[in-house]
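Please see the structure below; I have some questions.
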Amino acid sequence: MMKTLFKIMASLMMIISFSGCSDNDEPMPPSTLPVTYANIDGIWQLAQWNGQPTPEGTYCYIVFSRKERTFSMYQKFDSMYPRTITGTFVLEDEDDANPMRAIISGTYHYGMGTWNHTYLISELTEEGTMLWTATDDETDVCLYQKCEELPEEVK
């Protein structure tokens, strides 16, 4: 009787342990973060623009400083020579009920004006990506990837 009960218990344990497994487990969606000054602080590289990778030989890195609310943009995108552009930026709540989205805008130093667009940051992930869409042109979409440091050739 004891042997039979033991076999039944062992069989049940085996069935239960396999019932939670699946061959077609779908990947977990990225974990999103609220869009705050602290969460965007750091170095970001433009990885895709309008669904396409940045063209070879070009780059754009933005370094955000949350405390001073300043940015430094290192780019070789719209000129044949690399350049550094600095300024200030502001985050505004896109929707008070949704802290996962915010509007970002910026002003360049030295009287160079404001950014061409304001952008909706609609996705900021723990995995280190940030999705921007121009508020006045939904076809202008930028995907940024978080970086540990600026490459030497960019500095």
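The values are calculated or read from the model by the stated rules, or taken from the named source; none is laboratory data. The structure displayed is predicted, hence computed values, not measured ones. A quick note on method: Cβ atoms are made from the backbone with ideal geometry, for glycine too, and the neighbour counts reach across all protein chains shown. To get the accessible areas, we keep the full protein, side chains included, count just its heavy atoms, and leave off ligands, DNA and RNA. Shrake-Rupley method; radii C 1.70, N 1.55, O 1.52, S 1.80 Å.
Could you work out the relative contact order of the stretch 19-155? I mean the mean sequence separation of Cα pairs under 8 Å and 6+ apart, divided by the number of residues, in percent.
On the way: 270 pairs, mean separation 33.3, N = 137.
Relative contact order, the stretch 19-155: 24 percent.
So what is the accessible area of the stretch 81-121 per residue, in Å², with the probe set to 1.4 Å?
Details: 2600 Å² over 41 residues.
Per-residue value: 63 Å².
Which shape class, rounded, prolate or oblate, goes with the stretch 84-155 when its Cα gyration tensor gives a ≥ b ≥ c as root eigenvalues, a/c under 1.5 marks rounded, and past that a/b bigger than b/c marks prolate?
In terms of gyration-tensor shape, oblate.
I would also like to ask the following. Multiply the residue gap between residue 115 and residue 100 by 0.36 nm, knock off their C-alpha separation, and tell me the result in nm, one decimal place.
Full-extension gain reported as 3.2 nm.
Additional query: Taking H placed 1.01 Å from N in the peptide plane, check which residues at least 5 places from residue 118 or on another chain put their amide H under 5 Å from its amide H.
Amide H neighbours of residue 118, under 5 Å, 5+ apart: 135, 136.
Something else about it: Given labels modelled 7 Å from the Cα in the Cβ direction, how far is it in nm from residue 134 to residue 36?
Label-label distance for residue 134 and residue 36, simple model: 3.1 nm.
I'd like the Karplus ³J(HN,Hα) series for the stretch 55-60: coefficients 6.51, -1.76, 1.60, θ = phi - 60°, whole numbers in Hz, and an x wherever there's a Gly or Pro.
Karplus values, whole Hz, x for Gly and Pro: x, 4, x, 10, 7, 8.
Of all accessible surface on the stretch 72-148 at a 1.4 Å probe, what whole percent is carbon and sulfur?
Details: 2200 of 4570 Å².
The C+S portion of the solvent-accessible surface of the stretch 72-148 is 48 percent.
Here's another thing I want to ask about it. Under a crude label model (7 Å from the Cα following the beta-carbon direction), how far is residue 68 from residue 81 in nanometres?
Here the answer is 2.4 nm between the modelled labels.
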